[in-house]
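Just so it is clear, none of the values below were taken in a lab; they were calculated from the coordinates. Everything numeric in this text was worked out from a predicted model, so none of it was measured. Because the Cβ atoms are built from the backbone with ideal geometry, glycine has one as well, and the counts that use them run over all protein chains shown.
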Number of protein chains: 6
Amino acid sequence: MNSYLLTEMTWPEVKDALQTVKLAIIPVGAHEQHGPHMNESCDAVLATQLSNRLAERLYPHVLVTPTVNMGVSIHHINFPGTITLKPETLISILRDMVWSLKQHGIEKFLFLNSHGGNQSTLSVACTTLTHELGVEIFYAKSTASAKNALKEHVQSTLYGHSCEREVSEALYLAPQLVRMDKLEKGDIVEGKWRNLRPGNPLQGTYQYEEMTANGCIGDATKASYEIGEKVVEEALDGLEGSIRKLLDL
Amino acid sequence: MNSYLLTEMTWPEVKDALQTVKLAIIPVGAHEQHGPHMNESCDAVLATQLSNRLAERLYPHVLVTPTVNMGVSIHHINFPGTITLKPETLISILRDMVWSLKQHGIEKFLFLNSHGGNQSTLSVACTTLTHELGVEIFYAKSTASAKNALKEHVQSTLYGHSCEREVSEALYLAPQLVRMDKLEKGDIVEGKWRNLRPGNPLQGTYQYEEMTANGCIGDATKASYEIGEKVVEEALDGLEGSIRKLLDL
Amino acid sequence: MNSYLLTEMTWPEVKDALQTVKLAIIPVGAHEQHGPHMNESCDAVLATQLSNRLAERLYPHVLVTPTVNMGVSIHHINFPGTITLKPETLISILRDMVWSLKQHGIEKFLFLNSHGGNQSTLSVACTTLTHELGVEIFYAKSTASAKNALKEHVQSTLYGHSCEREVSEALYLAPQLVRMDKLEKGDIVEGKWRNLRPGNPLQGTYQYEEMTANGCIGDATKASYEIGEKVVEEALDGLEGSIRKLLDL
Amino acid sequence: MNSYLLTEMTWPEVKDALQTVKLAIIPVGAHEQHGPHMNESCDAVLATQLSNRLAERLYPHVLVTPTVNMGVSIHHINFPGTITLKPETLISILRDMVWSLKQHGIEKFLFLNSHGGNQSTLSVACTTLTHELGVEIFYAKSTASAKNALKEHVQSTLYGHSCEREVSEALYLAPQLVRMDKLEKGDIVEGKWRNLRPGNPLQGTYQYEEMTANGCIGDATKASYEIGEKVVEEALDGLEGSIRKLLDL
Amino acid sequence: MNSYLLTEMTWPEVKDALQTVKLAIIPVGAHEQHGPHMNESCDAVLATQLSNRLAERLYPHVLVTPTVNMGVSIHHINFPGTITLKPETLISILRDMVWSLKQHGIEKFLFLNSHGGNQSTLSVACTTLTHELGVEIFYAKSTASAKNALKEHVQSTLYGHSCEREVSEALYLAPQLVRMDKLEKGDIVEGKWRNLRPGNPLQGTYQYEEMTANGCIGDATKASYEIGEKVVEEALDGLEGSIRKLLDL
Amino acid sequence: MNSYLLTEMTWPEVKDALQTVKLAIIPVGAHEQHGPHMNESCDAVLATQLSNRLAERLYPHVLVTPTVNMGVSIHHINFPGTITLKPETLISILRDMVWSLKQHGIEKFLFLNSHGGNQSTLSVACTTLTHELGVEIFYAKSTASAKNALKEHVQSTLYGHSCEREVSEALYLAPQLVRMDKLEKGDIVEGKWRNLRPGNPLQGTYQYEEMTANGCIGDATKASYEIGEKVVEEALDGLEGSIRKLLDL
């Protein structure tokens, strides 16, 4: 064993691991449409895989918990199969997980999130649970910190969902998620979303079908294992480095 | 594809499947200690596998959703690694799942549960959500209906957790959960639980360590693939039969 | 005074009683239709009477609190007069009662329940409040433990609501509940409930009018004081015995 | 039958009654200390009896529901035996009751309350539930409107709990509540409550033991059946008159 | 500075003030229609001004917090512009404010309320938060204690909203709230409210437009600065006196 | 009147305004320490002033509601005077406001927020309330969109609270908030916050006193009316432009 994955351990093994573990990584994903070329479990699987890789790098100081395999996906609800949690449900799950793990002596947590729609809720959860439970919580959006690789390898100005970035990550981390024979560019629809994307003075809610007819943005046909490797490994470098500083490793 | 597993489908595939699907199976598990010889994800994995097998039998009339991979396990919290959800958290998750799937046209649901500690909460959820959301909900405790096989193959009078039944099921459905070299009988401790087991006039809460020092009951050393096969297949026969009657298949 | 009934005591009397009381019995009933031959308060009255009898046997070690006189009866709501509490309301009432009584030094509780529809909620309440309030809680379904008497005196295969068992109990404990001139057998209607009764692989929610047109099951015309006496006294023996063991009396 | 008491009716009787019933009276009481000379169920019993009498006068236009037999009594919690509900629990109970009765076609409600500590919560419940459930709700503090009788027969300037008024009402409506051999005047203690009684610029919370050592105020030794009769009957006249106007009877 | 107004202070100034401050005044207002002659912020502004004046009198022993500038106004919702909070929202705001101020060492609080519709909710909040947070809370309805001035200067039998009392108070405390050229008497409409006003046996909810077509009651044309001065100053005398007694000043 | 400010209007004026108003601006502020040189109401006042200016530009198509004058400020709670709302309280306030205004026919909303600590909660509120209430909601962080002016006039790399930006905005919009004789640079303390600021791979919670001893960051001594004017007017240009597009003005 070169990483502590709670789902694959017995309690005596967990007991031993707790002697060195200082932080629990909670993978947070989603269950939602990812266009015609990715499975709906995409975010849950990527969050899990990324967490596992990060745990290998930080062994024996961290463990990985079960994955929160659904998230806040109301903006995708009009595509068949999407399941969405209310923000308060997601916070309740995290509260119960953090509380439970604190009973075992863990006091630091990382919510490692692969789904943009969860990010605000995780920020609220972090603020709330830190004070409510007396623990220290960090959170991160999976590969968002891989700025160099993203700048170099992602050309689309509008990307972030079932695009070249996400499909590349999947090809590197979990290729079973991808239908290589179905890869499509985002089929963009005009709408108010243009005025509400990050970088605009206003933000706001819109449904995904108001932006894209096939559920994708960006250009998945440009995805590759190599891009995935670069993005993921740069992100892991950043995450590992930050955690080492915060844990004094 | 000979079963509809929502986690492994794209939205156009889900759209097609919804033309014949009448019922969604929601696997409900737990994350909790299972003694020295089973992974803590045991219940989540068994619920998933059992659901998938049931879906094969009922294809193309049912689909399987993502698994609720944690449950109500407060009675195991004193064993390292256990994570417990509050009953109201579990109900919130199920509410959000049922609501979401109803948006896609599904109006019948089966909570297929592998963890005894969830059973009351699922009963409450069933009552609550049926009326609140205007749907029809069933629930079942995984293999509890395999009465003949259990009578024939399980000798322990006290069993039901990481015992010959559960380990056998795992050997048949998901052998990676089992540490064959660590199999142990339950290391039973005397306590008030004797007066609170099913069959007594009173029921009540006790912690698992008050009943067993190693976290098991029954006798896992008697488990086998063959027992697992008989128990699981008899349970699947019963579940399939009931669903066919209820769905008029 | 040969039993401690909180509703009939003054505070100085309660103060004295608390010197020997170790457990509070909380009677939990319902307000719901009981067919043409029983008052709608049936369950509340039976829970109260049974609790009072049990308190006599365990004097001076227990007291009886006010009765929770409504319960979870949504499955009866389509019969005139039925009132139903949401499960979370019932739990809130019990939380407030247990919290209050703990202020007076009581740390053990028995929810003595006469209504099947409450049972899951009481199980959830037991789990939740035990940990939340740091107390010990037991619960029981009134006369369910009188297995011998029930086997001997109840012939109906489908019984449990305004049937020979319940009417007999009422004739013994509270005859004012019964309209002797209106006694009727259950007027059974076929429906999906056949596949959802205990003993089937699946459980689930159905409305009572889907099962019986007059609101009864079983055969109330076979009820008698003598059957009631046997069922109730056997149940009281069992309950008393269990409590004596659990309280070390 | 000259009044409709839901607890004493069968569903076919309720069905008939609903042809003329326009309003449901919900008796709201409390379970709390009432000094050395009254049972702790005093308020619950008085609310029930007063409701029943009012229902006789308004037969066949009203029915009486089961009694809410506990209330908001946190200010009495330091006296043995008192049980208190949180305000939100009381509102939840009333919400469920009103919702249930609305299913049976009743759209007007009277919360008939015998306990001062409930009054604000009932006001909030009235506002909340009126709009939430689309019904019409009234509420009243039992005999508070008997202004002439109270002025004539109650001399104490500080009264209102287990005093000459309340004991007199009990002697008239439910004499079993009173220990005639234990009647005592309030054993008043000085404290901040003097500045917080009605009529002062400020109001606020204080515990009852800060005001009275024996749990009473006023002078119960002056109570009589005759005073009770005058107070109760004047109150019933007022309540009946108001309801007749509001229901156009 | 001759009063401590938290909104106008820096944290070092607050730190100094806390050396003498024993009580925080929380002004509680509303945002609701006040007829054709007053701004909708009337109650929020009057609560603020009254609090500030009271703080001057009690300097340096009290401070004034930010104003709760909306309240429970559902009975005015059918007049354009009215905003209403649910009672539980108002309680949540007060809970958070009291909790926060307790972190700074303040343990006594006055909810100084200018809006009748808030009064029950404040009573419930007072009871709830006193026990939940371990603090001491008082509450008052602005000028209700100015009994002499009100008796002398207010002739209308039905008054209390945008009437001669309230307009007079505004002319004295915040004349910018008043449209002198629009002053109108209440345009009273007959309705069930006649049977539900204070003093009747029953109370209950009615919408304001059922009572007055222009949103006012009483006679605003009789308002004056002088009446306002007398009412406000008598109320301040009463409030100041009570607080001095309760704080031992 | 050249802007619609709900707090300064009567109901007949609101009724008229509603004929042209399409969007309500809800100013969202905070009450928290702003170092030794700004009042604690800073964010509430700036949100109000900015909203009013924006309303002038968009007259007669928008109105401004009362200000949410407290926010999520738990990270400042250790500085005297700070008041913090829980995220769920802030969402409840906004829910009640949006619901109320929808009764008056308004279906589009802008949460105009001046406090960074509110931003995630507003995002969650936007998602939640959009779907729950069937309205359209936008939100914005006050002057964050004034990218050119900020780039040109703000030199500090760490700024955003009581800094040259915020003090400049106050000098332009509400100079009474500033103590010109107390202006100080942020008194920065080293700590884990360095690894958690925006731009790092991780985010997380830290208390403000872990970052700055005087409660400020940046350099307030460089603030000026002119900078404030440039920042505010550029932000207003952006906000106005976006709203005109979204409202088709």
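The Kirkwood radius of segment E:4-247, taken over pairs of alpha-carbon atoms, gives through the Stokes-Einstein law at 4 °C and 1.567 mPa s a diffusion coefficient of 70 µm² s⁻¹. Here segment C:121-212 was treated as a single set of alpha-carbon atoms; its pair distances binned every 5 Å from 0 give 2, 10, 15, 16, 18, 17, 12, 7, 3, 1 percent. Normalising the average separation of contacting C-alpha pairs (under 8 angstrom, six or more residues apart) by the number of residues puts the relative contact order of chain A at 22 percent.
Taking the Cα centre of the protein assembly as shown as origin and assigning +1 to Lys and Arg Cβ atoms and -1 to Asp and Glu Cβ atoms, the resulting dipole is close to 0 debye. To the nearest ten degrees, helix E:164-173 and the longest principal axis of the Cα atoms of chain E are 40 degrees apart. In terms of its alpha-carbon gyration tensor, segment A:8-69 comes out prolate; a/c meets the 1.5 threshold, and the first ratio a/b outweighs b/c.
Can you check what the Kirkwood hydrodynamic radius comes to for the protein assembly as shown, Cα pairs only, in Å to one decimal? Computed over Cα pairs of the protein assembly as shown, the Kirkwood hydrodynamic radius comes out at 34.7 Å.
Dimensions of segment D:52-102 from C-alpha coordinates, computed as largest minus smallest value along each principal axis and given longest first, are 43, 24, 12 Å. Rounded to the nearest 10 degrees, the inclination of helix F:119-133 to the longest alpha-carbon principal axis of chain F is 20 degrees. The charge dipole of segment F:4-247, taken about the Cα centre with unit charges on the Cβ atoms of Lys, Arg (+1) and Asp, Glu (-1), comes to about 540 debye, rounded to the nearest 20.
Taking the inverse of the average 1/r across all pairs of different Cα atoms in segment E:2-113, what Kirkwood radius in Å do you get?
Evaluated over segment E:2-113, this radius sits at 14.7 Å.
Cross-link partners of F:LYS15 among aspartates and glutamates, defined as those whose alpha carbon lies under 14 angstrom from its own and excluding same-chain residues fewer than eight positions apart: E:GLU32, E:GLU40.
Highest GNM mean-square fluctuation among B:GLY199, B:GLY215, B:GLY116, for chain B modelled with Cα contacts below 10 Å: B:GLY199.
Among the listed pairs A:LYS86/B:LYS102; D:LYS108/D:LYS141; A:LYS147/A:LYS192, which are separated by more than 21 Å between their Cα atoms? Check vs 21 Å cut-off fails for A:LYS147/A:LYS192. Once backbone amide H atoms are built at 1.01 Å from N, D:MET9 has C:GLU40, C:SER41 as its partners under 5 Å, excluding neighbours fewer than 5 places away on the same chain. Looking only at D:ASN39, D:ASN69, D:ASN200, which one moves most when chain D is put into a Gaussian network model with springs between Cα atoms under 10 Å? Greatest mean-square fluctuation among the candidates belongs to D:ASN200.
Partners of A:LYS22 within straight-line reach, counting aspartates and glutamates whose Cα lies under 15 Å from its Cα and excluding those fewer than 8 residues away in the same chain: A:GLU56, A:GLU107, A:GLU136, A:GLU240, A:ASP248.
Think of chain C as a dipole: +1 on every Lys or Arg Cβ, -1 on every Asp or Glu Cβ, centred on the Cα centre; then among C:GLY35, C:SER162, C:MET97, C:MET97 lies furthest on the positive end.
A cut-off of 5 Å between modelled amide H atoms, ignoring neighbours fewer than 5 places along the same chain, links C:ILE25 with C:LEU63, C:VAL64, C:THR65, C:LEU110. Across segment C:93-107, rounded Karplus estimates of 3J(HN,Hα) from the backbone phi angles (6.51 cos²θ - 1.76 cosθ + 1.60, θ = phi - 60°) give 4, 5, 4, 5, 5, 5, 4, 4, 5, 5, 4, 8, x, 8, 10 Hz, Gly and Pro being marked x. Annotation: amide H of F:GLY71 within the under-5 Å range of F:HIS31, F:LEU85, sequence separation 5 or more or interchain, hydrogens built in the peptide plane.
So how do B:ARG194, C:ARG95 line up by other beta-carbon neighbours within 10 Å, fewest first?
Fewest to most other Cβ atoms nearby, the residues stand as B:ARG194, C:ARG95.
Against chain A, whose longest principal axis comes from its Cα atoms, helix A:42-58 is set at around 40 degrees. Across segment A:224-238, computed HN-Hα scalar couplings (Karplus, 6.51 cos²θ - 1.76 cosθ + 1.60, θ = phi - 60°) run 7, 4, 5, 4, x, 4, 5, 5, 5, 5, 5, 4, 5, 4, x Hz from first to last residue, x flagging Gly and Pro. Among beta bridges identified by DSSP and lying wholly in the protein assembly as shown, the antiparallel ones come to about 25 percent. Karplus-based coupling profile of segment E:134-148, in residue order and whole Hz: x, 10, 10, 10, 10, 8, 8, 8, 3, 9, 4, 7, 7, 5, 5, with θ = phi - 60° in 6.51 cos²θ - 1.76 cosθ + 1.60 and x standing for Gly or Pro.
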